[in-house]
Amino acid sequence: MQVNKVSRNNPNFTGVLTNKTVLKTLEKVSEHATSFSAGTALVMSLTTRPLAILTTPNVEKENKQYAIANSIGSGLIKFAMVEAIALPIENAVKKIDKNPEKYLNKASIKSFQPSSNPLTSSKSYKLATQTLKLGAGFLSAIPKSILTIAFIPIIMDKLFDLKIVPHKQTPQKSTALKEKNIPFTGALPEAIPKGIAKVLDWEVFRNFAAKHQNNDKNIAKHMTAATDILLTSSFAYLTNQSSKIKEDRKKALIYNNVISTGITLTGGYAVDRVIKKHTQTFIEKFSKLNQNDPKLYKYIEGINILRPALIFAAIYYGFLPMISTYLAEKIDKQIKNNKL
């Protein structure tokens, strides 16, 4: 009865919820969660965030330039690193989804899915695999910070004509690497799903997934937050240690990142709590409209990934840069003045 009511009162909206393109998009988001988050961040870090920083009033030009260079560099490197790690993991999970008997032991399959339903319909299995996929971003956080710090001076040079000392070239080593014949055995494609299967077979991990299976809606949000905290911490430390970033610009850059992360997490969680109830109502209606679709669980997973990703992106890349850049400038100057 509820489905008919929704259909009768909101025919256009109902049509959107059952639209094949929309459903396919949600399925792709579910299957490529980390790639989707990284892609969203890349677009915003190359466009929206630099524009917001440029329009921030009462901030020194060079501090703006460093903030923009950080935005562009971190966006590019994060996307490249996450794709290099995430895509193989996502493809490996797909292989396990299609043929769990080949990779998982019988005890694991029974633990994840005691009934005769497909393994992919199991809440605990979905939580376990989603955690592994999103974990790629977390694992790449510190290397990403290292590369971002190295990339900032290059962007400053190319975009703002701030010259840096060029790196020494080592053509002999490069040539040797190019000439070296590295055989490909074909073992890697199978090594990754087998490695992931070992994690899924791990009883402690299975128990964790079973215990938190009803909290699957929050997994993307919590993983994103944990990754941001690790990124910011490592970035602050490495920026302070860098010899390629001007000493008098380091603190403002660090404050900018810390403020951005702090406001993003608190603001993102607050906004997410406000709309969470409405999202649950939406998912219930969506589920009824698509109840006979065997891929319903993927669509719902896609919605749960889409919601926090867009919320955090809108806050972090659109609204926040002007506030964090302005506050970082003021805090930096205040601390400097107090030391005089």
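The values are calculated or read from the model by the stated rules, or taken from the named source; none is laboratory data. Computed from a predicted structure; not experimentally measured. Heads up, the Cβs are rebuilt from the backbone with ideal geometry, glycines too, and the neighbour counts pull from every protein chain shown.
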Those residues of region 316-338 which are modelled with pLDDT under 90 and either over 17 Å from Y255 (Cα atoms) or of a type in the set (F, W, Y) (or both) amount to Y316, Y317, G318, F319
By residue number, the members of region 258-279 that are among the charged types (D, E, K, R) and at pLDDT 75 or above are none
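Within region 76-110, which residues are of a type in the set (F, W, Y) and over 17 Å from K198 (Cβ atoms)?
Of region 76-110, the ones of a type in the set (F, W, Y) are 79, 103.
Residue satisfying the conditions is F79 alone.
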Q.
Could you go through region 74-83 and let me know if any residue there is within 20 Å of K158 (Cα to Cα) and at pLDDT below 85.
A. yes
For S35, the lone unmet condition from (1) farther than 17 Å from I315 by Cα; (2) crowded, with 21+ Cβ neighbours inside 10 Å; (3) of a type in the set (G, A, S) is (2)
Contact list, first residue from region 282-295 and at negative phi, second anywhere and at pLDDT 85 or above and in a loop (DSSP other than H, G, I, E, B), beta-carbon distance below 9 Å, six or more apart or interchain, is P294/P118
request  = Tell me, yes or no, whether region 77-99 has at least one residue that is over 30 Å from K333 (Cα atoms) and in a loop (DSSP other than H, G, I, E, B).
outcome  = yes
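Regarding I53, is this residue at pLDDT 85 or above and either among the hydroxyl-bearing types (S, T, Y) or in contact with a Lys or Arg (Cβ under 8 Å, 6 or more places away or on another chain) (or both)? Working first, answer last.
Details: at pLDDT 85 or above: yes; either among the hydroxyl-bearing types (S, T, Y) or in contact with a Lys or Arg (Cβ under 8 Å, 6 or more places away or on another chain) (or both): yes.
Taking the combined requirement at face value, the residue satisfies it.
Answer yes or no as to whether N91 is surrounded by fewer than 19 Cβ atoms within 10 Å (Cβ to Cβ), in contact with a helix residue (DSSP H, G or I) (Cβ under 9 Å, 6 or more places away or on another chain) and modelled with pLDDT under 90.
Values: surrounded by fewer than 19 Cβ atoms within 10 Å (Cβ to Cβ): yes; in contact with a helix residue (DSSP H, G or I) (Cβ under 9 Å, 6 or more places away or on another chain): yes; modelled with pLDDT under 90: yes.
Against the criterion (surrounded by fewer than 19 Cβ atoms within 10 Å (Cβ to Cβ), in contact with a helix residue (DSSP H, G or I) (Cβ under 9 Å, 6 or more places away or on another chain) and modelled with pLDDT under 90), N91 qualifies.
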Among residues of region 215-257 being assigned to a helix (DSSP H, G or I) and β-branched (V, I, T), the residue surrounded by the fewest Cβ atoms within 10 Å (Cβ to Cβ) is I229
Flagged in region 258-317 as under 22 Å from T120 (Cβ atoms), surrounded by 20 or more Cβ atoms within 10 Å (Cβ to Cβ) and polar (S, T, N, Q), in numbering order, are N304
Taking region 244-274 and keeping only residues that are among the β-branched types (V, I, T), more than 17 Å from Y316 (Cβ to Cβ) and in contact with a helix residue (DSSP H, G or I) (Cβ under 8 Å, 6 or more places away or on another chain), one is left with I245
Residues of region 1-27 being modelled with pLDDT of 75 or more and part of a helix (DSSP H, G or I), in sequence order, are G15, V16, L17, K20, T21, V22, L23, K24, T25, L26, E27
Here the residues within region 124-176 that are aliphatic (A, V, I, L, M), at pLDDT below 90, under 30 Å from K250 (Cβ atoms) and buried (at least 18 other Cβ atoms within 10 Å of the Cβ) are A136, A141
Condition set farther than 16 Å from S145 by Cβ and not β-branched (V, I, T), scope region 57-73, selection surrounded by the most Cβ atoms within 10 Å (Cβ to Cβ): answer is N63
* To do: Answer yes or no as to whether K102 is out of contact with any Leu (no Cβ under 7 Å at 6 or more places or on another chain) and not polar (S, T, N, Q).
  => yes
